[in-house]
Amino acid sequence: MKLLIVESPSKAKTIEKYLGKDFRVVASVGHVRDLPKSNKAAIDIPGGFIPHYEISKGKEHIIKDIKALAKKADEVILATDPDREGEAIAWHIKEAIGLKDPKRIVFHEITKEAVEEALKHPRTIDIDLKEAQEARRVLDRLVGYDLSGLIWKKVRYGLSAGRVQSPALRIIMEREREIRAFLPITFWTISALLQDQKKNELNFACSVEPTEKKEVDRILDLGGKGAWSVTDIKETEVSRAPRAPFITSTLQQTASSRLGFAPSRTMQVAQKLYEAGHITYMRTDSTNLGVQAKAEIEKTVQQKFGADYFEAHTFAKKSKNAQEAHEAIRPTHFDKENVGMNDEQKKLYQLIWSRTVSSQMKDAKVMRTKVVANIKDDPMPDFWLNGSRILFDGWTKADPAAQGEDVILPPLAIGDPLKLLKIDSEEKQTEPPARYSEAGLIKELEKRGIGRPSTYASIIKTIDERGYVEKIQKALHPTDTGEVVSDFLENNFPNYISDSFTAEMEDELDEIALGKRTYKKTLEDFYGPFHKDVKSKDKLEKATNLGDAPAGVLCPTCGSNMIIKLGRGGKFLSCERFPDCIGARTANGEVIEPDKPIGTDPETDLQIYLKTGRFGPFVQIGEDDKKKKIKAKKASVPKDKELSSVTVEDALRYLALPRALGKHPDSGEMITASVGRFGPYIVHEKDFRSLKVDDVYTISLDRALEILREPKKTRGFKRKAS
């Protein structure tokens, strides 16, 4: 019996169908070993940055089962994913079960042909790839540990920073500052509704947008009195070339703009399609297509659209370290146009199919027409009317969503008279630059060389989960906490979160994978100066005091000046005499009355207070009694709750957490719902699951059991930042 080890159970199930009875296919269910959480001591820095791994929690039985199967097997083959992460997992499996010389195979699509071909060409584990992944993991741990420790002291306990996430946050903050500094400029658009000799009404736009009202009035006056005619017609044939097949970043961007998928969702759906054998591996930065794939596309195009539509294309690689042996994300079988287990999978597959097939088709041809109109004699800016018609749809035949619409103009000739029906203007103002969407941020990160295909989705997910950004109508807005953390890092560690430094470090990690750099020297060169720099900032003042409150905003309790502070709920105004005076206001000046009871608990007759502390507003039932060592129960007020609207019923809901939902039918242990640093969650025997949709105050035991049965990798909950 031959034992083949992959990462996911669904992948194992698919592959087992292809191989005969001589094979047993099992899954490691992702990583089997990792560094201990938030423990810098797990890395032997003086010894050469040697990591000391431990079996990941919950993987003990998996290792035990695989080890038992390996002892019985005639041959053990490691078939984890074809990237540095997969290579590292293969090495960890080898180490965890004590394999001496396991065979390693890779395939970029889960098809019978690809798996059988890979089995013909086994190799050993690529130590360079493994060390590149290890260097990234250790580096991120060391940076996160050192920077987060400093941020805990200088900003707020529980916050964190990361080697790649922090530059991403800086990019968002840079855009936010541009928006705040933006000064709008007033301008006018002018349009003229004209009629040709056949009574066709045509809406022309002025070619200039004046910024002076005097010029607007002049144009309106001349246009209203003059005799209009067609002064020029320009026709230009334009070719639209097909786009390259998808790589990870472009798939995430297009799925976001066309389907509304978050990057992390796109990767989850793509993973399912890959494991089911429908698409090639979804983490790639290569736009390459294999010879066999191109031949299949040619056949598909000729059969579906006609021979006139096919044209082979080769696209330049986007990344300088893209591995051309890898392929772009493409279907495994082009004759299948509609596959997937659910609507999301079907939509994403169709997107991939359309992009890949259209990439090997002829250019689309469009005739663009510009008609110019003006009045005779008096000098006035031209007015334009644009039209277009598709001469040959080309590649857009396979990708209709990318196809423009015909804007057909009536037949006109130079000199044709035009009758003015109406001319008017509209006052407008220039708009500030737009905030990044998730797709836009990925595009920006890729352009600046920050991150890699496997990390884009996790970067955005991390800064969202840490409460550094919030998504409002698809745009990423920095939160007060995100702004303070970013400002702190920019002021004190500008080099380490700069584009150039982060991109250069990514290149160095890539060079380890290519065998051009060594693991130890790369980490030594970085960590020595970095650690020294962090230690030198230990005496910095705390960064939670964010400056003086606006003039005239005084403490509601004692009348003293106020300062802006950062609490758990964001910015608020605190009396400068704190803690001697605890007068406070919200960021917009609303008074927070810390000692005024908002009502009484009907069960205990204890008064309920709305207060503010170092972490922001909270409710409290009863009073602390130091002599009797009684501590009143407290609960945070959700940051999106208006303080003036907090009622007794609200307070009792907040104070009801943690809520015991009931005992787990298997373990007999209690399941609890509560709110922590990363938001609402449920927990059972240290198995934490964050609640993204469910209401922590009303969630039922049945629903909690349903969530706990879900695979944990799709609903992570991090207790501490690493």
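The values are calculated or read from the model by the stated rules, or taken from the named source; none is laboratory data. Fair warning: this is a prediction, and the values are worked out from it, not measured in the lab. Neighbour counts run over all protein chains shown; Cβ positions are idealised from the backbone, glycine included.
Picking from 194, 142, which residue would you name as being buried (at least 20 other Cβ atoms within 10 Å of the Cβ) and outside any helix (DSSP H, G or I)?
The unique qualifying residue is 194.
For segment 416-434, the condition holds for no residue, the condition being that it is surrounded by 15 or more Cβ atoms within 10 Å (Cβ to Cβ) and within 30 Å of residue 347 (Cβ to Cβ). Only one of the listed residues (543, 549, 513, 503) is in contact with a strand residue (DSSP E or B) (Cβ under 7 Å, 6 or more places away or on another chain) and not acidic (Asp, Glu). That residue is 549. Applying a threshold of 6 Å to beta carbon distances and a minimum spacing of six or more residues, or different chains, the list of pairs starting in segment 696-713 at a residue that is farther than 21 Å from residue 668 by Cβ and ending at one that is part of a helix (DSSP H, G or I) reads 697/653. Would you pick out the residues in segment 585-624 that are more than 21 Å from residue 676 (Cα to Cα), part of a loop (DSSP other than H, G, I, E, B) and at pLDDT below 80? Answer for segment 585-624, where residues must be more than 21 Å from residue 676 (Cα to Cα), part of a loop (DSSP other than H, G, I, E, B) and at pLDDT below 80: 593, 594, 595, 596, 624.
If we scan segment 71-88, do we find a residue that is without any contact (Cβ under 8 Å) to a residue 40 or more places away in the chain, within 12 Å of residue 28 (Cβ to Cβ) and surrounded by 13 or more Cβ atoms within 10 Å (Cβ to Cβ)? Walk me through it before giving the result.
Step one: filter segment 71-88 for residues without any contact (Cβ under 8 Å) to a residue 40 or more places away in the chain, giving 71.
If we keep only those that are within 12 Å of residue 28 (Cβ to Cβ) as well, we get none.
There is no residue in segment 71-88 that is without any contact (Cβ under 8 Å) to a residue 40 or more places away in the chain, within 12 Å of residue 28 (Cβ to Cβ) and surrounded by 13 or more Cβ atoms within 10 Å (Cβ to Cβ).
Annotation: of all residues in segment 123-139 being among the acidic types (Asp, Glu) and assigned to a helix (DSSP H, G or I), the one that is nearest to the chain's Cα centre (by Cα) is 134.
Restricted to segment 352-379, and to residues that are in a loop (DSSP other than H, G, I, E, B), modelled with pLDDT of 95 or more and touching a helix residue (DSSP H, G or I) at 6+ places or on another chain (Cβ under 6 Å), which residue is farthest from residue 239 (Cα to Cα)? Talk me through it step by step, then tell me what you get.
Taking segment 352-379 first, the residues in a loop (DSSP other than H, G, I, E, B) are 359-360, 362-363, 376-379.
Now narrow it down to the ones that are modelled with pLDDT of 95 or more: 359-360, 362-363.
Now narrow it down to the ones that are touching a helix residue (DSSP H, G or I) at 6+ places or on another chain (Cβ under 6 Å): 360, 362-363.
Working: 360: 15, 362: 10, 363: 6 Å.
Ranking the candidates gives 360 first.
Of all the residues in segment 463-493, those that are out of contact with any Lys or Arg (no Cβ under 9 Å at 6 or more places or on another chain), closer than 17 Å to residue 144 by Cα and of a type in the set (S, T, N, Q) number 0.
Have a look at 316, 312 and point out the one that is closer than 19 Å to residue 242 by Cβ, surrounded by fewer than 15 Cβ atoms within 10 Å (Cβ to Cβ), of a type in the set (A, V, I, L, M) and modelled with pLDDT under 95.
Exactly one of 316, 312 is closer than 19 Å to residue 242 by Cβ, surrounded by fewer than 15 Cβ atoms within 10 Å (Cβ to Cβ), of a type in the set (A, V, I, L, M) and modelled with pLDDT under 95, namely 316.
Looking at this structure, is residue 577 among the basic types (Lys, Arg) and in contact with a Gly (Cβ under 7 Å, 6 or more places away or on another chain)? First the steps, then the outcome.
Numbers: among the basic types (Lys, Arg): yes; in contact with a Gly (Cβ under 7 Å, 6 or more places away or on another chain): no.
So residue 577 does not fit the description; no.
Residue-wise test of (1) assigned to a strand (DSSP E or B); (2) over 35 Å from the mean Cα position of the chain (by Cα); (3) of a type in the set (Gly, Ala, Ser); (4) under 30 Å from residue 183 (Cβ atoms).
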{"position": "381", "(1), (2), (3), (4)": "no, yes, no, yes"}
{"position": "389", "(1), (2), (3), (4)": "yes, yes, no, no"}
{"position": "422", "(1), (2), (3), (4)": "yes, yes, no, no"}
{"position": "425", "(1), (2), (3), (4)": "yes, yes, yes, yes"}
{"position": "431", "(1), (2), (3), (4)": "no, no, no, yes"}
{"position": "435", "(1), (2), (3), (4)": "no, no, no, yes"}
{"position": "441", "(1), (2), (3), (4)": "no, no, no, yes"}
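Residue-wise test of (1) touching a Cys at 6+ places or on another chain (Cβ under 8 Å); (2) over 18 Å from residue 710 (Cβ atoms); (3) surrounded by fewer than 16 Cβ atoms within 10 Å (Cβ to Cβ).
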residue: 620; (1), (2), (3): no, yes, no
residue: 629; (1), (2), (3): no, yes, yes
residue: 637; (1), (2), (3): no, yes, no
residue: 641; (1), (2), (3): no, yes, yes
residue: 651; (1), (2), (3): no, yes, no
residue: 678; (1), (2), (3): no, no, no
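No other residue among 120, 154 is over 28 Å from the mean Cα position of the chain (by Cα), outside the structural domain of residue 284 (by TED's automatic domain parsing) and surrounded by fewer than 21 Cβ atoms within 10 Å (Cβ to Cβ) apart from 120.
Tally the residues that are assigned to a loop (DSSP other than H, G, I, E, B) and closer than 21 Å to residue 551 by Cα, restricting the search to segment 566-584. Outline the logic, then answer.
So in segment 566-584, the residues assigned to a loop (DSSP other than H, G, I, E, B) come out as 568-569, 576-583.
Adding the requirement that they be closer than 21 Å to residue 551 by Cα leaves 576-578, 581-583.
The number of residues fulfilling the criteria is 6.
The set of residues in segment 625-646 being modelled with pLDDT of 75 or more and in a loop (DSSP other than H, G, I, E, B) consists of 631, 632, 637, 638, 641, 642, 646.
If the condition is being closer than 17 Å to residue 481 by Cβ and assigned to a helix (DSSP H, G or I), then segment 150-170 contributes 150, 151, 152, 153, 154, 165, 166, 168, 169, 170. For segment 207-231, a residue qualifies if it is modelled with pLDDT of 95 or more and touching an Asp or Glu at 6+ places or on another chain (Cβ under 8 Å), and the qualifying residues are 207, 220, 222, 229, 230, 231.
Just checking, how many residues over segment 449-470 are in contact with a His (Cβ under 7 Å, 6 or more places away or on another chain) and hydroxyl-bearing (Ser, Thr, Tyr)?
Pass one, segment 449-470, residues in contact with a His (Cβ under 7 Å, 6 or more places away or on another chain): 469-470.
The next check asks that each one be hydroxyl-bearing (Ser, Thr, Tyr); those that pass are none.
Result for segment 449-470: 0.
Residues in segment 171-189 that are farther than 14 Å from residue 490 by Cα and either in a loop (DSSP other than H, G, I, E, B) or among the acidic types (Asp, Glu) (or both): 176, 178, 182, 183, 184, 185.
Close contacts from segment 592-610, counting a first residue that is closer than 20 Å to residue 641 by Cα and in the same structural domain as residue 581 (by TED's automatic domain parsing) and a second that is modelled with pLDDT of 85 or more and among the small types (Gly, Ala, Ser), with Cβ to Cβ under 7 Å and a gap of 6+ residues or different chains, come to 592/584; 594/584; 598/651; 608/599; 608/651.
Is there a residue in segment 422-431 that is of a type in the set (Ser, Thr, Tyr), under 30 Å from residue 247 (Cα atoms) and either in contact with a helix residue (DSSP H, G or I) (Cβ under 6 Å, 6 or more places away or on another chain) or touching a residue at least 12 places away in the same chain (Cβ under 8 Å) (or both)? Scanning segment 422-431, I find no residue that is of a type in the set (Ser, Thr, Tyr), under 30 Å from residue 247 (Cα atoms) and either in contact with a helix residue (DSSP H, G or I) (Cβ under 6 Å, 6 or more places away or on another chain) or touching a residue at least 12 places away in the same chain (Cβ under 8 Å) (or both), so the answer is no. Of the numbered criteria (1) in a helix (DSSP H, G or I); (2) closer than 18 Å to residue 271 by Cα, the one residue 31 fails is (1). Determine whether segment 68-90 contains at least one residue that is at pLDDT 95 or above, more than 21 Å from residue 122 (Cα to Cα) and over 30 Å from the mean Cα position of the chain (by Cα). Among the residues of segment 68-90, at least one is at pLDDT 95 or above, more than 21 Å from residue 122 (Cα to Cα) and over 30 Å from the mean Cα position of the chain (by Cα), which makes the answer yes.
If you go through segment 347-364 and keep only what is over 16 Å from residue 401 (Cα atoms) and surrounded by fewer than 20 Cβ atoms within 10 Å (Cβ to Cβ), you end up with nothing.
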